[in-house]
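Working notes, beginning with the structure itself.
The values are calculated or read from the model by the stated rules, or taken from the named source; none is laboratory data. What you are looking at is a predicted structure, and each value in this text was computed from that prediction instead of being measured. Because the Cβ atoms are built from the backbone with ideal geometry, glycine has one as well, and the counts that use them run over all protein chains shown.
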Amino acid sequence: MVKNIPELFGCMVFNEEVMRQRLPEEVYRSLQKTISEGKEIDPSIANTVAEAMKNWALEKGATHYTHWFQPLTGVTAEKHEAFIEPVAGGKVVMEFSGKALIKGESDASSFPSGGLRATFEARGYTAWDPASYAFVKDGTLFIPTAFCSYGGEALDTKTPLLRSMDALSREGVRIMRLFGDTETKRITTTVGIEQEYFIIDKAMYEQRKDLIYTGRTLFGAPAPKGQELEDHYYGELKTRIHDYMADLDEALWRMGVPAKTKHSEGAPAQHELAPIYSTTNTAVDQNLLIMTYMKKIAEQHDLVCLLHEKPYQGVNGSGKHDNWSIGTDTGKNLLKPGKTPAENKQFLLILAAVIKAVDEYPDLLRLSVAHPGNDHRLGGNEAPPAIISMFIGDDLQEVVDSIVRGTAYHGAKRGKMNLGIPSVPVFSKDTTDRNRTSPFAFTGNKFEFRMPGSSQNVAMPNIVLNTAVAESFRQFADVLEKAENFDKALAKLIKDTFRKHSRVLFNGNGYSEEWQKEAASRGLPNLKTSVDAFKTFDAEKNVTLFATHGVMSEVEIHSRKEILFENYAKLINIEAQTMIEMATRDILPAVNAYVAELAGACAAKTAVIQSVDVSMETDLIETLSRLVGEAFTAVKALKAADAAASACATGEARACAFADNVIPAMTLLRAKVDEMETLTSSDYWPLPTYGDMMFRV
Ligand code: ADP
Ligand code: MG
């Protein structure tokens, strides 16, 4: 059956169209003002909005509503409340008040707070975010909300994100005014998030405790084939995957998520989905919905979607590219260089602001993507290194260099592409090639931040970007508003900024060894592990940045830092415990059983002919027995390292001990087990292999 996509799109969303139809004119206008200009909500309209939302939701089959929020667990949270309200005669009516829409009270004690709140001070609040649309999913009306403690500190990722968007707008509008723009009321950041993922057959997934508990394989010898033929990237979609993707698209379209691009990725069984970009908070909410639906729809096809950054060692991991741009509420993209970027002073100033932001806060950008899963990816030969640098393309680099040198710029010519086939049209080339190895690349009218991990909520990368650029704007506006000769001051500011910060610009191969050395000589930080990055969170300059723009208070920063350390330690602990259990209870007994069979075969054979060749049996018995012993020793060492790390007094000490001592112990155990896998009969090996998991979906 052919579906009417425009009709289906957004049918489960309380969007602008529905609001216009269902709200009284003045209420609709007041709400739109709140949404588009970031104005405070008029509380008197809440009851009307709530009533309209409820009636609409009931028509969509909803029986419950929930405030939907993003606590610091990294996943979303929801607590469903039925609309029922008792009335006389033992009956109920369906009710939803403005108060219930605006504010929710919940027991916050079981969410991470980083010491902001003791368990006896349990009260937490959720507050409606009118700028993100409510929607109906599985019979429940979902209301996007912010989440804070009784004391008013943010306990979620959304609150600082909204604050950072406001900060960027506030300072950005000052810049617009300086260029004579009197119309722009708000500067918005737009974000398009590319989501990579792996698919595995459900039956195989269920045989892997490591995937179930940790989302990645903790053991596994490489398959005979990996990704070396590069035949999976953009490869034809298998029927089963195609059907899954079709159902996923449709489910997302219903939820108003503009899923646009889908294709196979570099590693076997790896794929990507990208929606059309939208305002940052909406894009982040939608990305969380995309992740939810990727998992949910997979189940309906007897598949499992893996969102971990590195499900399989030895092949590419998954990232989540954050395409970031800034624009005005009048529809202008401020990162569009135009035909003559060298003369477009407003663009150059904004470019300078971004370059300055990235060069001054590389530690925070690195921190924003720091996650145990992502440590396996960054710096591998598949993702940018842990060093933050920027690629702006040959053309803009030439503009920047000529300004710094004070020489004339001779514009780049857009070459023509002529393939020499008469029937293939000739077209203009882009002025610059792409650079896949740069963590932060200019791609024509936006920047692509390529470091975030596939499982991460990208609120934090955007919080950092927005706030750091807001700070550049603030400093620029302070200078330019006071300038006697605007043009002169502007030219000087652009030149000085380029000169001071162009060390962060790098157009070469970011994966190379030489870049590591070159970056060090330029003084660019290289924070290799998550733990290294977490430590920089509360550096004085970072606390000042967030406080200046009202994005995060010092107290909030400390609590978040604490949560990052805690979370890291907990995740590695789960991985270590899973390895210990799998090795002790499944793998070592299986190998021993195989050795026993070999021994039996050997004895039986020699009983018949004493001089028979039993070299395979004896060789394997010897090697496997040695490996079993070594693996068992490695298990004991891992147990000891894990116990010692867990016993450290502070979150930071625990995280450091897990990074420094537990992870190496895990690596050692894995090496022994993977070697045993290559020698053990597949009849005995208790786990699906890499080949089974990646090539049999
Ligand atoms: P790539 O070729 O980099 O893989 P994709 O098509 O997969 O590109 O993803 C590009 C993403 O960038 C899409 O989500 C797209 O909507 C988004 N994008 C395009 N223009 C903008 C913009 N102005 N602001 C933010 N994101 C944008
Ligand atoms: Mg893409």
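When 170, 177, 216 are checked against the criterion of being in a loop (DSSP other than H, G, I, E, B) and at pLDDT 95 or above, a single residue qualifies: 216. Taking the criterion of being in contact (Cβ under 8 Å) with a residue 12 or more places away in the chain, away from ligand 2 (no atom under 16 Å from the Cβ) and either of a type in the set (Phe, Trp, Tyr) or touching a Gly at 6+ places or on another chain (Cβ under 9 Å) (or both), would at least one residue in the stretch 239-249 satisfy it? Yes, because at least one residue in the stretch 239-249 is in contact (Cβ under 8 Å) with a residue 12 or more places away in the chain, away from ligand 2 (no atom under 16 Å from the Cβ) and either of a type in the set (Phe, Trp, Tyr) or touching a Gly at 6+ places or on another chain (Cβ under 9 Å) (or both). In the stretch 327-348, the residues that are of a type in the set (Asp, Glu) form Cβ pairs under 8 Å with partners that are within 11 Å of ligand 1 (Cβ to nearest atom), at six or more places apart or across chains, as follows: 329/188. A count restricted to the stretch 265-291 and to residues that are assigned to a loop (DSSP other than H, G, I, E, B), touching a Lys or Arg at 6+ places or on another chain (Cβ under 9 Å) and within 15 Å of ligand 1 (Cβ to nearest atom) stands at 2. Here residue 190 passes the criteria (1) within 15 Å of ligand 1 (Cβ to nearest atom); (2) in a helix (DSSP H, G or I); (3) touching a Phe, Trp or Tyr at 6+ places or on another chain (Cβ under 8 Å) except the one numbered (2).
Evaluated against (1) under 16 Å from the mean Cα position of the chain (by Cα); (2) within 16 Å of ligand 2 (Cβ to nearest atom), residue 259 falls short on exactly one condition, (1).
With respect to residue 200, determine if the residue is of a type in the set (A, V, I, L, M), surrounded by 23 or more Cβ atoms within 10 Å (Cβ to Cβ) and within 16 Å of ligand 2 (Cβ to nearest atom).
Working: of a type in the set (A, V, I, L, M): yes; surrounded by 23 or more Cβ atoms within 10 Å (Cβ to Cβ): yes; within 16 Å of ligand 2 (Cβ to nearest atom): no.
Considered against the rule, which asks whether it is of a type in the set (A, V, I, L, M), surrounded by 23 or more Cβ atoms within 10 Å (Cβ to Cβ) and within 16 Å of ligand 2 (Cβ to nearest atom), residue 200 comes out as no.
Restricting 110, 164 to those that are of a type in the set (Ser, Thr, Tyr) and either within 30 Å of residue 250 (Cα to Cα) or in contact (Cβ under 8 Å) with a residue 24 or more places away in the chain (or both) reduces the list to 164.
Yes/no per residue for (1) over 22 Å from the mean Cα position of the chain (by Cα); (2) more than 15 Å from ligand 1 (Cβ to nearest atom):
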residue: 297; (1), (2): no, yes
residue: 328; (1), (2): yes, no
residue: 344; (1), (2): yes, yes
residue: 347; (1), (2): yes, no
residue: 376; (1), (2): no, yes
residue: 381; (1), (2): no, yes
residue: 384; (1), (2): no, no
residue: 387; (1), (2): no, yes
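Assigned by TED's automatic domain parsing to the domain that holds residue 530, among the small types (Gly, Ala, Ser) and at positive phi: is that true of residue 420 in this structure? Explain how you work it out, then say what you get.
Details: assigned by TED's automatic domain parsing to the domain that holds residue 530: no; among the small types (Gly, Ala, Ser): yes; at positive phi: yes.
No, not satisfied.
On inspection, residue 335 fails the criterion of being at pLDDT 95 or above, in a helix (DSSP H, G or I), in the same structural domain as residue 245 (by TED's automatic domain parsing) and closer than 19 Å to residue 184 by Cβ. Residues in the stretch 299-324 that are buried (at least 23 other Cβ atoms within 10 Å of the Cβ), within 15 Å of ligand 1 (Cβ to nearest atom) and at pLDDT 95 or above: 318, 319, 320, 322, 324. Inspect all residues belonging to the stretch 136-156 and state whether any of them is assigned to a helix (DSSP H, G or I), out of contact with any Asp or Glu (no Cβ under 6 Å at 6 or more places or on another chain) and either in contact (Cβ under 8 Å) with a residue 60 or more places away in the chain or closer than 17 Å to residue 34 by Cα (or both). No, the stretch 136-156 contains no residue that is assigned to a helix (DSSP H, G or I), out of contact with any Asp or Glu (no Cβ under 6 Å at 6 or more places or on another chain) and either in contact (Cβ under 8 Å) with a residue 60 or more places away in the chain or closer than 17 Å to residue 34 by Cα (or both).
Give, as residue ranges, the helices (runs of 4 or more DSSP H) completely inside the stretch 515-598 that count at least 2 residues that are more than 28 Å from residue 166 (Cβ to Cβ) and out of contact with any Lys or Arg (no Cβ under 6 Å at 6 or more places or on another chain). Correct list: 530-534, 554-581.
Would you be able to tell me the number of residues in the stretch 599-652 that are closer than 15 Å to residue 673 by Cα and out of contact with any Ser or Thr (no Cβ under 9 Å at 6 or more places or on another chain)?
Initially, the stretch 599-652 is screened for residues closer than 15 Å to residue 673 by Cα, giving 620, 623-638.
Next, only the ones that are out of contact with any Ser or Thr (no Cβ under 9 Å at 6 or more places or on another chain) stay: 623, 625-631, 633-634, 636-638.
Number of matching residues: 13.
Output the number of the condition that residue 98 fails; it satisfies all remaining conditions of (1) over 27 Å from the mean Cα position of the chain (by Cα); (2) within 16 Å of ligand 2 (Cβ to nearest atom); (3) of a type in the set (Gly, Ala, Ser). Residue 98 satisfies all of (1) over 27 Å from the mean Cα position of the chain (by Cα); (2) within 16 Å of ligand 2 (Cβ to nearest atom); (3) of a type in the set (Gly, Ala, Ser) except (2). What is the one condition in (1) within 16 Å of ligand 2 (Cβ to nearest atom); (2) under 23 Å from residue 693 (Cβ atoms); (3) touching a residue at least 60 places away in the same chain (Cβ under 8 Å); (4) not in a helix (DSSP H, G or I) that residue 294 does not satisfy? In the conditions (1) within 16 Å of ligand 2 (Cβ to nearest atom); (2) under 23 Å from residue 693 (Cβ atoms); (3) touching a residue at least 60 places away in the same chain (Cβ under 8 Å); (4) not in a helix (DSSP H, G or I), residue 294 misses (4) alone. Which residue is farthest from residue 8 (Cα to Cα), if the candidates are limited to the stretch 269-285 and must be within 15 Å of ligand 2 (Cβ to nearest atom) and of a type outside the set (Ser, Thr, Tyr)? Restricting to residues being within 15 Å of ligand 2 (Cβ to nearest atom) and of a type outside the set (Ser, Thr, Tyr), the top hit is 270. Looking only at residues that are part of a helix (DSSP H, G or I) and among the small types (Gly, Ala, Ser) in the stretch 1-45, which one is modelled with the lowest pLDDT? The selected residue is 36.
Restricting 314, 266 to residues that are within 16 Å of ligand 2 (Cβ to nearest atom) and not polar (S, T, N, Q) narrows the list to 266. For the stretch 176-187, a residue qualifies if it is surrounded by fewer than 22 Cβ atoms within 10 Å (Cβ to Cβ) and within 16 Å of ligand 1 (Cβ to nearest atom), and exactly one does: 186. The residues on offer are 529, 467, 437, 497, and the sole one that is touching a residue at least 12 places away in the same chain (Cβ under 8 Å) and within 16 Å of ligand 1 (Cβ to nearest atom) is 437.
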